[in-house]
Amino acid sequence: MEAREFRDAYAKFERAGIVVLGASPDPPEEEKKFKTKERIPFPLLADRDRELAAAYGVLKEKSMYGRKFLGVERTTFVIDGKGRITHVFNRVKPEGHAREVLEALGVA
């Protein structure tokens, strides 16, 4: 849902000069299938070894059915042209998130 919303709002991001990237720990072949199936116009980064997630501090202990595991907390970072993080959206809810980002950046 989140990727589809960013896909649908992609023209607004592009017009504003905002580069959109997605990242997940899924293998590259799964990301490629997903990108094709969902017609995602922006790059999807395969963080298979979770180095990116660890570097950004989003590798968190999670729990499902009483079992604890390390997983990636859904988070959005806005990084400016100088490489500085200007906004962080933690524990993102996919529905409406693209609009939330656009509004925070004054683009909506």
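Each value in this text was obtained by applying a stated rule to the coordinates, not by laboratory testing. Here the structure is a predicted model, which is why all the values come from computation and not from measurement. Cβ atoms come from the backbone with ideal geometry, glycine included; neighbour counts cover every protein chain shown.
Results, tabulated for the structure shown:
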read-out	value
Residue, farthest from the chain's Cα centre (by Cα), within the stretch 59-85, restricted to residues that are farther than 20 Å from residue 96 by Cα and among the basic types (Lys, Arg)	67
Odd one out for residue 84, checked against (1) over 18 Å from residue 13 (Cα atoms); (2) in contact with a strand residue (DSSP E or B) (Cβ under 6 Å, 6 or more places away or on another chain)	(2)
Some residue of the stretch 35-49 being closer than 28 Å to residue 104 by Cβ, surrounded by fewer than 16 Cβ atoms within 10 Å (Cβ to Cβ), without any contact (Cβ under 8 Å) to a residue 40 or more places away in the chain and touching a Pro at 6+ places or on another chain (Cβ under 7 Å)	no
Matching residues in the stretch 9-27 - criterion: being assigned to a helix (DSSP H, G or I) and loosely packed, with under 13 Cβ neighbours inside 10 Å	11, 15
